[in-house]
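Reviewing the structure listed below.
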Amino acid sequence: MNSKIFSLIIGVLLVVVFWIGWVSTNPADKKAMAQFISVESLVNNNFSQRLKLGGIVKDGSILISETNQLECSFVLKEGDAELYVNYSKTRPDLFKDGAEVIVTGEYVDGMFYADELQTKCASRYEGDLRNEANYKLEELDT
Amino acid sequence: MNPLAGAVALNLAFGCSILSIIALIAYNRTSDFRLFLVGQRLGLAISFFVFISTFVLGHQLMISNFDIDYVARYTSFETPTVYKISALWAGQSGSLLFWLFILSIFNTITIIQNQSKHHNLMPWVIITLSTIQLFFLVLTNFITNPFEPTQADFEIVNGNGLNPLLQNITMAIHPPTLYLGYVGFSVPFAFAFAALVNKDIGALWIQSIRRWTLVAWLFLSVGIILGGWWAYQELGWGGYWAWDPVENASFMPWLTATAFLHSIIVQEKKDMLRVWNMVLIILTFSLCIFGTFLTRSGVMSSVHSFTESSLGPVFLSFVFIILVSSFGLMYSRIGVLRSPRRIESVSSRESGFLFNNLIFVVMCFAVFWGTLFPVITEAVNGNKISVGPPFFNQINIPIGLALLALTGIGPLLAWRGTSNKRLIQNFAFPTILGLLSSMFFIFLKMSVYVVISFSLCIFVVAAILSEFVKGAKVRKRKFNESLFKAIYKMIEKNRSRYGGYIVHLGIVLMFVGFTGHAFDKEKEFGIKVGDTKSVANYDFTLIKMYEEERPNHYAWITDIRVTDMFGNFVTQLRPEKRVYFHKNPDINKRQPHSELDIYSTLNKDIYSIFSSVSSDNLTAFVKIMVNPLVKWVWIGGYILAFGTVIALWPRKE
């Protein structure tokens with residue numbers, strides 16, 4: 001290969017590697033990175049950085065503000081550990097009791113303030129099969 | 001049709017795949033042509049049995065046979081027919097069978113198409129394709145069988161039904177389109193592998209797979225765009241790309257496949273980059289399988305992931321086997337693979353292709369790095385750090401802009417080298433236009449990236465147009481044709497080249513749409529009937545809010561009047577909040593769904609989401625987004641597909 005081209009290729013690669021390394025250590029946006037953590041270790045330790053947690057929405061724990069329907073709080077459960085989460089944006093349609101969710105935000109004084117709330121997407125629609133007790137044909141018009 | 005027939009057909013396909021591989025390996029050792037014919041016919045038999053199996057499952061879905069677990073989980077009596085068909089790829093085992101089904105179609109076409117061609121390559125092509133089929137047959141026979149009977153201690157009177165979010169025609173088309181892309185790369189990979197085994201490394205295997213690669217690339221591109229379009233129209237977060245691991249999983253093979261499509265031109269024309277082409281096709285196919293691993297393993301927290309299953313390690317092992325066997329074989333053939341010719345000049349088209357390839361691969365690495373960042377950081381320091389869209393955008397925007405620049409530069413360079421005089425001639429018009437436009441955008445006080453992106457878009461469009469004009473002028477002079485006829489004839493005579501330029505034009509328009517993201521505005525608020533709220537110089541007045549009970553859902557509907565800053569009427573938006581299965585006594589089985597309303601123009605989209613309604617039914621909580629230039633992403637997508645079809649269109653004999 002032409003030595004000029006070879007040097008250029010090496011140059012491009014070095015610049016890109018440096019660039020990826022730089023952004024990986026100094027992201028411009030504070031929302032660029034979040035540390036995955038379990039609910040249990042968050043409850044037992046103090047973390048000041050941006051965090052990401054996964055778990056199940058505890059049955060009956062969703063509270064929606066009467067005055068501002070966008071504001072809601074719920075309990076995130078992972079195993080036996082529980083965490084209060086506050087979220088004040090449009091909620092995804094699949095968000096409900098028992099839904100599997102991922103929240104991203106910050107932990108302040110016992111409350112997790114999430115600014116991102118993701119529910120598992122439609123391709124995970126794999127619930128238990130229905131028995132007659134919870135599903136009757138005549139109750140659903142077509 | 002008895003469901004047992006489907007399970008038996010899967011078993012028979014499994015047996016045939018093993019026998020086909022054995023027969024063809026024996027043929028390679030003995031050169032007994034009868035063994036080749038046996039292997040080839042068994043290869044066709046695998047596909048035949050897979051077709052039967054798929055049709056049986058399709059039939060069971062149609063007749064709602066809830067004795068099959070898969071049917072009970074993904075359909076119900078009420079599921080419309082079209083979605084009973086799309087339920088075939090809605091769940092894990094069904095989608096794996098569907099993968100196999102598409103692979104079997106491709107396998108059959110490859111065998112029939114090459115019955116009297118490529119005699120030395122075909123045995124190994126069939127072995128490779130049968131091995132891939134065997135892998136999926138192992139999965140569907142022994143790990144996640146779609147014909148598994150329902151196991152419940154009660155009678156299943158009706159199935160679960162398909163999620164309403166998936167009951168959308170785009171969502172019915174998006175997965176099979178992506179699969180056609182993913183699976184399509186099996187064929188070029190099989191030819192590459194066969195070429196390596198036979199040490200038949202010249203341009204022959206490249207010629208035999210160019211069209212296949214383009215078809216697979218088209219489906220992958222359309223599948224990705226459809227996924228983005230569906231997310232934008234249905235999911236209600238106002239975007240079309242979130243750098244989710246599963247989205248990245250489809251984007252990575254697209255990047256390497258695009259690089260491959262460019263670099264095979266260099267091998268065809270100049271017999272260079274042989275090693276590089278092998279690397280690219282191996283990477284592309286491995287990334288397709290790796291993408292399926294990411295989707296199914298649950299190793300990455302993705303909104304798309306299926307239930308965690310034992311499939312992850314199996315897929316990862318398969319990727320490992322592909323990489324080790326292919327690169328091992330390549331290493332052993334490195335002597336014959338090395339091209340005798342070298343790139344002579346930096347200002348040559350070969351060099352342009354090489355740098356475009358480099359940027360594609362580097363971008364693929366950047367996406368790979370970000371996708372696996374949690375795994376990497378956990379391995380390095382024990383902390384699992386995930387990265388979000390700002391990280392991907394920060395890394396990829398400059399790389400993407402470099403790629404955009406090369407899209408314009410490449411076609412202006414001549415093969416072997418471009419003289420200084422021609423460099424000035426070719427670059428003057430696009431460069432001056434690009435620079436003038438950049439001054440205009442700076443004057444409008446746009447941000448640095450926006451100025452660079454828009455100016456490069458103009459530079460590339462000017463470069464493409466000058467190529468068209470140059471070619472048409474030559475024809476006009478030579479054949480005395482009208483300009484329109486000259487352009488038509490020029491495209492007809494050189495479809496792959498000008499089809500490619502049209503694809504580039506589509507990409508430029510998509511970049512215009514991506515750049516519009518920099519101007520997005522959004523606001524979430526509660527609003528009572530008669531109130532007005534402002535977002536991005538538009539006023540939104542809630543005219544009325546009402547409820548309706550419809551056949552399969554209950555809906556709250558808002559009627560929002562949109563006026564511009566001068567009070568002129570713009571549009572009426574009617575986003576809805578729906579609850580499907582609203583009569584179901586089990587509240588958890590009811591399914592809320594936000595039906596968006598989007599006012600879309602070439603200039604901007606006004607995107608409205610009805611989030612919720614207050615308990616007194618007086619206040620609607622809505623999210624409004626004003627997204628400039630989004631429509632250009634979809635228009636660019638259409639043009640990309642159109643250009644690819646032109647490049648694919650067969651020549652008149």
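The values are calculated or read from the model by the stated rules, or taken from the named source; none is laboratory data. Every value quoted in this text rests on a predicted model; they were computed, and no experiment measured them. Glycine gets a Cβ as well: all are built from the backbone with ideal geometry, and neighbour counts include every protein chain shown.
Side notes on the structure shown:
- Taking helices (runs of 4 or more DSSP H) as the structural unit, those lying wholly within the stretch B:24-90 and holding at least 3 residues that are in contact with a helix residue (DSSP H, G or I) (Cβ under 6 Å, 6 or more places away or on another chain), within 25 Å of B:GLU155 (Cα to Cα) and touching a residue at least 12 places away in the same chain (Cβ under 8 Å) correspond to B:33-62, B:69-74.
- Output for the stretch B:445-495, where each listed residue is under 19 Å from B:ILE265 (Cβ atoms) and either in contact with a Phe, Trp or Tyr (Cβ under 8 Å, 6 or more places away or on another chain) or surrounded by 18 or more Cβ atoms within 10 Å (Cβ to Cβ) (or both): B:VAL460, B:ALA463, B:ILE464, B:GLU467, B:PHE468, B:GLY471, B:MET490, B:ILE491, B:ARG495
- Evaluation of B:HIS174 against (1) farther than 19 Å from B:PHE66 by Cα; (2) buried (at least 20 other Cβ atoms within 10 Å of the Cβ); (3) away from chain A (no Cβ under 14 Å) (one fails), failing number: (3)
- If only residues of the stretch A:111-124 that are modelled with pLDDT under 85 and more than 13 Å from the chain's Cα centre (by Cα) are counted, the one that is surrounded by the most Cβ atoms within 10 Å (Cβ to Cβ) is A:SER123.
- Given (1) modelled with pLDDT of 80 or more; (2) away from every other protein chain (no Cβ under 11 Å), number of the condition B:ALA231 does not satisfy: (2)
- Within the option set B:LEU403, B:LEU354, being crowded, with 21+ Cβ neighbours inside 10 Å, touching a residue at least 12 places away in the same chain (Cβ under 8 Å), assigned by TED's automatic domain parsing to the domain that holds B:GLY239 and part of a helix (DSSP H, G or I) holds for one residue only, B:LEU354.
- Annotation: of all residues in the stretch B:366-387 being facing another protein chain (nearest Cβ under 8 Å) and out of contact with any Lys or Arg (no Cβ under 6 Å at 6 or more places or on another chain), the one that is surrounded by the fewest Cβ atoms within 10 Å (Cβ to Cβ) is B:ASN383.
- Among the candidates A:SER73, A:SER65, A:SER48, residue that is more than 10 Å from chain B (Cβ to nearest Cβ), loosely packed, with under 15 Cβ neighbours inside 10 Å and of a type in the set (Ser, Thr, Tyr): A:SER48
For every residue, the table says whether it meets (1) under 16 Å from the mean Cα position of the chain (by Cα); (2) not in a helix (DSSP H, G or I).
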| position | (1), (2) |
| --- | --- |
| A:LEU8 | no, no |
| A:PHE18 | no, no |
| A:GLY21 | no, no |
| A:THR67 | no, yes |
| A:LEU76 | yes, yes |
| A:VAL85 | yes, yes |
| A:THR90 | yes, yes |
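- Scan of the stretch B:412-426 for residues that are away from chain A (no Cβ under 14 Å) and surrounded by fewer than 20 Cβ atoms within 10 Å (Cβ to Cβ), ordered by number: B:ALA414, B:TRP415, B:SER419, B:ASN420, B:LYS421, B:ARG422, B:LEU423, B:ILE424, B:GLN425
- When residues of the stretch A:1-45 are limited to those that are touching a residue at least 40 places away in the same chain (Cβ under 8 Å) and crowded, with 18+ Cβ neighbours inside 10 Å, the one nearest to the other protein chains (Cβ to nearest Cβ): A:ALA34
- The numbered conditions (1) at pLDDT below 90; (2) under 30 Å from B:LEU413 (Cα atoms); (3) within 8 Å of chain A (Cβ to nearest Cβ) are all true for B:SER301 except (2).
- Boolean, B:TRP632 is farther than 30 Å from B:THR75 by Cα, in contact with a helix residue (DSSP H, G or I) (Cβ under 6 Å, 6 or more places away or on another chain) and surrounded by 21 or more Cβ atoms within 10 Å (Cβ to Cβ): yes
- Residue in the stretch B:619-626 that is more than 14 Å from chain A (Cβ to nearest Cβ) and farther than 21 Å from A:PRO92 by Cβ present: yes
- Restricting B:MET446, B:MET439 to those that are outside any helix (DSSP H, G or I) and over 20 Å from B:PRO411 (Cβ atoms) reduces the list to B:MET446.
- When the stretch B:480-538 is filtered for residues that are at positive phi and touching a Leu at 6+ places or on another chain (Cβ under 8 Å), only B:GLY530 remains.
- Within the stretch A:94-113, the residues that satisfy the criterion of being touching a residue at least 24 places away in the same chain (Cβ under 8 Å) and in a loop (DSSP other than H, G, I, E, B) are A:LEU94, A:PHE95, A:LYS96, A:ASP97, A:GLY98, A:ALA99, A:GLY110.
- Residue match in the stretch B:127-142 (condition: farther than 18 Å from B:LEU42 by Cβ and touching a residue at least 12 places away in the same chain (Cβ under 8 Å)): yes
- Screening A:LYS52 against (1) assigned to a loop (DSSP other than H, G, I, E, B); (2) within 14 Å of the chain's Cα centre (by Cα); (3) among the basic types (Lys, Arg) leaves a single unmet condition, (1).
- Top-ranked residue in the stretch B:536-559 [being closer than 20 Å to B:ASP520 by Cα and modelled with pLDDT of 95 or more; ranked as surrounded by the most Cβ atoms within 10 Å (Cβ to Cβ)]: B:PHE540
- Within the stretch B:27-52, the set of residues being over 22 Å from B:VAL187 (Cα atoms) and among the small types (Gly, Ala, Ser) comprises B:SER31 only.
- Restricting B:LEU596, B:LEU573 to those that are away from chain A (no Cβ under 14 Å) and either without any contact (Cβ under 8 Å) to a residue 24 or more places away in the chain or not basic (Lys, Arg) (or both) reduces the list to B:LEU573.
- A:PHE74 meets the stated requirement of being of a type in the set (Phe, Trp, Tyr) and out of contact with any helix residue (DSSP H, G or I) (no Cβ under 8 Å at 6 or more places or on another chain).
- B:VAL622 closer than 24 Å to B:ASN168 by Cβ and aliphatic (A, V, I, L, M): yes
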